[in-house]
Amino acid sequence: MIRNPKDLQRYTAPERTNHWVVGISFILLALSGLAFFHPAFWPLTMLFGGGVWTRILHPFIGVLMAVAFVSMFLRFRALNVMQPADKEWLSRAKEMVSGNDHNMPEQGKYNGGQKMMFWMLSICVLLMTISGVVLWRAYFGFPAELVRLGAVIHAAIGAFMIGIVMVHVYAAIWVRGTIRAMVYGTVTRAWAKQHHRAWYRQVTGK
Ligand code: HEM
């Protein structure tokens, strides 16, 4: 892709690598996790070399995602602190989804929806990691009652997380010009002006 020198840098290469380690791990975890969730999804184990391998690999991929997510959390947490303008953005989000984005307040690097997603994902990853460790019988010997509770939490939060990651991906596709931010690291000035005007002012000084 030809890079326009006027484009704005949104993500560095380490930030993008970090995000995709999380994203790809998440897809692998969702596919292998669904295989354990219901027999209808059992054929998905073939992607991982059969049932036994899926069972072995799933928790290790989980550890990889948890570690990579902590790194992403540390990179992005300060940018995701809720501000009064975010609350206003959230209260008008319905209007924007219906096609009228003229009354939306100016946004910094992330809007209220992205920030909410960030904190929901952070809580989900924390709960999935704790409940996943409780379930990891190959290495830990937690009491059966706790393992059962862990299984319920792991399945419920896992299903919820698949849903919100679908919203995250859908939003990234829906707002044209966003995916390239996480692929090439850059966005157009028009994109920044339209969706994150306060961030545009900050990076361009205009
Ligand atoms: C697998 C498909 C995924 C796609 C296509 C995708 C796409 C994107 C894109 C395009 C952005 C940039 C948005 C912007 O700069 O405005 C982004 C940001 C981000 N993504 Fe993803 N993503 C995926 C999966 C995930 C997963 C699984 C997680 C976490 C569990 C995640 C967490 C984040 C975070 C934390 C940000 C930074 C936004 C913020 O800090 O508020 N993504 N993603």
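The values are calculated or read from the model by the stated rules, or taken from the named source; none is laboratory data. As the structure is a prediction and not an experimental result, all values here were calculated from the model. Please note: Cβ atoms are built from the backbone with ideal geometry, for glycine as well, and neighbour counts cover all protein chains shown. Just so you know, the surface numbers come from the protein's heavy atoms only, side chains and all, with ligands and any DNA or RNA stripped out. Shrake-Rupley method; radii C 1.70, N 1.55, O 1.52, S 1.80 Å.
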Within the bounds of segment 68-76, is there any residue that is modelled with pLDDT of 95 or more and in a loop (DSSP other than H, G, I, E, B)? no
Near pairs, Cβ below 8 angstrom, 6+ apart or cross-chain, from segment 55-82 (open to solvent by less than 80 Å² (accessible area, probe 1.4 Å) and within 8 Å of the ligand (Cβ to nearest atom)) to any residue that is polar (S, T, N, Q) and modelled with pLDDT of 95 or more: 65/25; 69/122; 72/18; 73/122; 80/114
Write out, first by first residue and then by second, each pair whose Cβ atoms fall under 6 Å of each other, whose residues are 6+ apart or on separate chains, and whose first residue, in segment 6-25, is more than 7 Å from the ligand (Cβ to nearest atom) while the second is in a helix (DSSP H, G or I) and polar (S, T, N, Q). 18/71
Tally, over segment 94-151, of residues that are of a type in the set (Lys, Arg) and within 30 Å of residue 10 (Cβ to Cβ): 3
Go through segment 160-206 residue by residue and tally those that are in contact (Cβ under 8 Å) with a residue 24 or more places away in the chain and of a type in the set (A, V, I, L, M). 13
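Of the residues 47, 28, only one is open to solvent by 60 Å² or more (accessible area, probe 1.4 Å), modelled with pLDDT of 95 or more, assigned to a helix (DSSP H, G or I) and within 14 Å of the ligand (Cβ to nearest atom); which?
On the way: 47 fails: within 14 Å of the ligand (Cβ to nearest atom).
Within the list 47, 28, the selection yields 28.
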Can you name the condition, by its number, that residue 110 falls short on among (1) more than 16 Å from the ligand (Cβ to nearest atom); (2) crowded, with 17+ Cβ neighbours inside 10 Å; (3) in a loop (DSSP other than H, G, I, E, B)? (1)
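Mind listing just one residue for me: the one in segment 158-197 that is β-branched (Val, Ile, Thr) and in contact with a His (Cβ under 9 Å, 6 or more places away or on another chain) and, of those, nearest to the ligand (Cβ to nearest atom)?
178
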Read through the list (1) open to solvent by 60 Å² or more (accessible area, probe 1.4 Å); (2) within 23 Å of residue 166 (Cα to Cα), then give the number of the only condition that residue 117 fails. (1)
Among the listed residues 152, 165, 169, 97, identify the single one that is of a type outside the set (D, E, K, R), within 15 Å of the chain's Cα centre (by Cα) and loosely packed, with under 15 Cβ neighbours inside 10 Å. 169
Segment 129-149, residues that are among the small types (Gly, Ala, Ser) and either open to solvent by less than 50 Å² (accessible area, probe 1.4 Å) or under 20 Å from residue 58 (Cα atoms) (or both): 131, 132, 138, 141
